[in-house]
Amino acid sequence: MGRSEELFAQAVKVMPGGVNSPVRAYRSVGLTPRFIARADGPFVYDEDGKAYIDYVCSWGPMILGHNHPAIREAVEKAVQDGLSFGAPTAREVEIARLMVDLVPGIEMVRMVNSGTEAVMSAIRLARGATGRDKIIKFEGCYHGHSDSLLVNAGSSALAGGHPSSAGVPEDIAKHTLTAQFNDLPSVEALLSAFPGQVACVIVEPVAANMGVVNPAPGFLEGLRALCDKSGALLIFDEVITGFRLALGGAQEYFGVKADLVTFGKIIGGGMPVGAYCGSRNLMEQVAPCGPVYQAGTLSGNPVAMAAGLAQLTYLRDHPEVYADIARKGAFLAQGLRRAADKTGAAVSINQIESLCAPFFTPTAVTTFTDAKGSDLAAYARYFAGMLERGIALAPAQFEAMFVSAAHTMEQLEATVQAAEEVFRQL
């Protein structure tokens, strides 16, 4: 028995499922999770000392790779001054000013502790600003585990939401309406069915929690137009796409303006942090300026701010990072497609910039319905085969692969070669 197996046997006795976040339990791939001891560059190392080329990248924020010197040094310096103050710091001002400079359309920033908290707070602000209760989300888009968003509308797009987790009251879920990603008529139908009642439409500009599904041409523009017409606010959840698709995120990349934008751990260099941002008019409705209350002792934590400021400053000063990771993402996707073609594997590859996802279905994936057609057992076998060959992927079909600046072309080629070997065995 390896060290990971020993640790997991202990963990299940003291933590639900042996983990602190469900996907880590490896249940959807039928294996024992690897316990990670350290990470550096494009690699993670488990407790037995085995190295893996890592495409999880802490679920996205390690855009420069693990343990980047500029970020590590900033954290080490910040720690010397203390870990938490519960008071304003200069770094909060610096990173907020930097984000305002970099992200189109935002004038003010409120720091929080996670992407979940950022989205929860943005929705509260949208409700407070509009005086409306209902929200529209998209099936297959994940926005954290707050009550309003753990909802699936079922087969009828016009029905009120039903909780998809125990502990979510029906009275809360009924205010969440679910539309279909890349389907503007489904959004328009909901807005028409509930006139003057929808506070916001929230969307992942690239749906990266059903694998990777790109917005169809005109989809985001259509959402903007529908929100303008109905008086609802448009929220871009950029926990995945922010500072990864482009320095200015999805608003810059797609040329579509959102009313509110949420960010996650990428603005903390991978440390626990999030933020919601918008115009001065909207953001000054948040306490202490306005009636929408939100607070947090660890919001703007000085160590997380140091890490985030270092990462965002590096990205600003090295814009060539984006061309580099886009080239690598395209190379990886093309290589996986060639491997699938050579072996006859029923795999469809989606990719945008440094985000990539293999779906184990022969058909193109442009909607959540398409994604749900994937062969989950085949993905589990693929995952196991890649893990054996030293490639760390997300332990679930409906997640993204993240390419970082630290990945080399040789490592990408090794990944494609490993995939071809595994495809032949499926």
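Roll a 1.4 Å probe over the protein chains and send me the accessible area per residue for the chain in Å².
On the way: 17280 Å² over 426 residues.
Here the residues of the chain average 41 Å² of exposed surface.
Using just the alpha carbons, could you tell me how many Å³ per residue the convex hull of the range 259-325 encloses?
Working: hull volume 7.3 nm³, N = 67.
Output value, Cα hull per residue: 109 Å³.
Using only the alpha carbon atoms of the range 283-407, find the Kirkwood hydrodynamic radius as the inverse mean reciprocal pair distance, in angstroms to one decimal. Numbers along the way, then the final one.
Numbers: mean 1/r = 0.0565 Å⁻¹.
Computed over Cα pairs of the range 283-407, the Kirkwood hydrodynamic radius comes out at 17.7 Å.
What's the ranking of 170-180, 138-148 by average number of surrounding C-beta atoms within 10 Å, highest first?
Numbers: 170-180: 18.9, 138-148: 20.8.
Highest mean packing first, the order is 138-148, 170-180.
Counting only C-alpha contacts under 8 Å and six or more residues apart, can you give the relative contact order of the range 204-243 as a whole percent? Each step should come with its number before you reach the end.
Details: 24 pairs, mean separation 18.9, N = 40.
Once divided by the residue count of the range 204-243, the mean separation gives 47 percent.
Given the DSSP H assignment, sum -39500 (n - 2.57) over each helix run of at least 4 residues in the chain and divide by its residue total; what's the result at 222 nm in deg cm²/dmol, nearest 500? Before the final figure, lay out each step's value.
Working: 14 runs with 163 residues, N = 426.
One gets -12000 deg cm²/dmol as the mean residue ellipticity at 222 nm.
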Compute log10 of I(q)/I(0) for the range 351-417 with the Debye formula, placing one identical point scatterer on every Cα and leaving out solvent, at q = 0.16, 0.19, 0.20, 0.27 Å⁻¹, to two decimals.
-> -0.59, -0.82, -0.90, -1.33
Quick one: net charge of residue 142's neighbours, Cβ under 12 Å, K/R +1, D/E -1?
-> -3
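Keeping the other protein chains in place, figure out the carbon and sulfur percent of the accessible area of the chain, with a 1.4 Å probe. Kindly include the intermediate steps, with their values, before the conclusion.
Values: 9190 of 17280 Å².
Its accessible area is 53 percent carbon and sulfur atoms.
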Return the distance in nm (one decimal) between the two label points of a simple spin-label model at residue 287 and residue 342, each offset 7 Å from Cα along Cα→Cβ.
-> 6.0 nm
Residue 320-residue 94 pseudo-label distance in nm [points 7 Å out on the Cα-to-Cβ vector] = 2.5 nm
Debye intensity ratio I(q)/I(0), log10, the range 222-281, q values 0.20, 0.26 Å⁻¹ (C-alpha model) = -0.75, -1.08
Amide H neighbours of residue 114 under 5 Å, counting only residues 5+ apart in sequence or on other chains, H built in-plane at 1.01 Å?
-> 274
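Placing unit charges on C-beta atoms (Lys and Arg positive, Asp and Glu negative, everything else neutral), compute the dipole magnitude of the range 247-345 about its Cα centre in debye, rounded to 20. Let's see the in-between values first.
On the way: 9 positive and 7 negative charges, 79 e Å.
Dipole magnitude for the range 247-345 comes out near 380 debye.
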Using a Förster distance of 35 angstrom, determine the FRET efficiency expected from the C-beta separation of residue 107 and residue 384, and round it to 0.05.
-> 0.15
Convex hull of the chain built on C-alpha atoms - directionally averaged projected area, nm² | 20.0 nm²
With a point put 7 Å past each Cα toward its Cβ, work out how far residue 9 is from residue 417 in nm, to one decimal.
-> 3.6 nm
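Relative to the Cα centre, what is the charge dipole magnitude of the chain, using +1 at the beta carbon of each Lys and Arg, -1 at the beta carbon of each Asp and Glu, and rounding to the nearest 20 debye?
Working: 34 positive and 43 negative charges, 74 e Å.
Here the chain has a charge dipole of around 360 debye.
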With unit charges on the beta carbon (Lys/Arg positive, Asp/Glu negative), name the residue among 348, 332, 418 whose Cα is farthest towards the positive pole of the charge dipole of the range 274-426.
-> 348
Considering the dipole of the range 94-135 built from charges on the beta carbon (Lys and Arg +1, Asp and Glu -1) around the Cα centre, which of 105, 125, 95 is farthest to its positive end?
-> 125
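So what is Rg over Rh here for the range 205-336, counting just Cα atoms and using Kirkwood for Rh? The partial results should precede the final answer.
Working: Rg = 16.6 Å, Rh = 16.6 Å.
Dividing the radius of gyration by the Kirkwood radius yields 1.00.
The values are calculated or read from the model by the stated rules, or taken from the named source; none is laboratory data. The structure displayed is predicted, hence computed values, not measured ones. Note: ideal-geometry Cβ built from the backbone for every residue, glycine included; neighbour counts use all protein chains shown. Accessible surface areas use protein heavy atoms only, side chains included; no ligands, DNA or RNA. Shrake-Rupley method; radii C 1.70, N 1.55, O 1.52, S 1.80 Å.
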